[in-house]
Amino acid sequence: EISRFPLKLTSLGLSVKPTIPTDGLRAFSQNIKTLTSLTCSEIPSINGTDLLLIADCFPLLEELDLSIPKKLENYDSLQNGVKTLSSTLLKLRKVNLTGHHYINDQLLVHLLNNWKLLEEAVIFYCDQITKSGIASALRERPTLRSLSFSSHFDPKNRATFFALDAAALVSNSPSL
């Protein structure tokens, strides 16, 4: 219903919903062309089709938060959906893919290679990403200012993650 109003919304939050409201997003995107930030965190189930819809409906997004999905179905479909996001959301500056366990070194490098304007990436709890993958990804996106990453979640030890000031890391380390 909100899509019927002549609003110039720049941000939309859909966190803690049962699913991504596909029909509502389609209608919203047809009438509101000013959206630059979308948050769909803590959605119980995200699939590749949801990611394709986001890419199709909101190609001008600068910030995207798809963090902490409760259930991820069909990793191949999700990987293809994220690749589509990376080739469609050309203005993306910030992304949060925390909890997207299917993200591996190859996909991380692909994402950072395609998102030319990306400044900040948050990818906690992705155990398929290695230190080598991070180094390769940073070589692809030396303009990245912040990369927050962890391989797994240990509630007893919150120090299982690290955050990088990517610009300082790249400028101080010629081997990257």
Take residue 117 and tell me if it is assigned to a loop (DSSP other than H, G, I, E, B), more than 17 Å from residue 45 (Cβ to Cβ), open to solvent by 60 Å² or more (accessible area, probe 1.4 Å) and not charged (D, E, K, R).
yes
Of the residues 48, 99, only one is closer than 28 Å to residue 136 by Cβ and out of contact with any helix residue (DSSP H, G or I) (no Cβ under 8 Å at 6 or more places or on another chain); which?
99
Within the stretch 23-62, of all residues that are over 21 Å from residue 90 (Cβ atoms) and surrounded by 17 or more Cβ atoms within 10 Å (Cβ to Cβ), the one nearest to the chain's Cα centre (by Cα) is 41
Mind checking whether some residue in the stretch 94-107 is of a type in the set (S, T, N, Q) and farther than 21 Å from residue 126 by Cβ?
no
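What number of residues in the stretch 53-78 are on the phi < 0 side of the Ramachandran plot and among the polar types (S, T, N, Q)? Step through it out loud before you land on a result.
Taking the stretch 53-78 and keeping what is on the phi < 0 side of the Ramachandran plot, we get 53-67, 69-73, 75-78.
Pick out the ones that are also among the polar types (S, T, N, Q) and you get 67, 77.
Residues that pass the stated criteria total 2.
Take the residues in the stretch 67-105 that are in a strand (DSSP E or B) and closer than 19 Å to residue 20 by Cα, then tell me which one is least open to solvent (accessible area, probe 1.4 Å).
So the residue we want is 95.
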Can you tell me which residues in the stretch 130-158 are modelled with pLDDT of 85 or more and under 16 Å from residue 95 (Cα atoms)?
134, 137, 138, 141, 144, 145, 146, 147, 148
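The values are calculated or read from the model by the stated rules, or taken from the named source; none is laboratory data. Predicted model only: the values in this text are computed from it and were never measured. Using ideal geometry, Cβ is built from the backbone for each residue, glycine included, and neighbour counts are taken over all protein chains shown. Quick note on the areas: whole protein, heavy atoms, side chains included, nothing else; ligands and nucleic acids left out. Shrake-Rupley method; radii C 1.70, N 1.55, O 1.52, S 1.80 Å.
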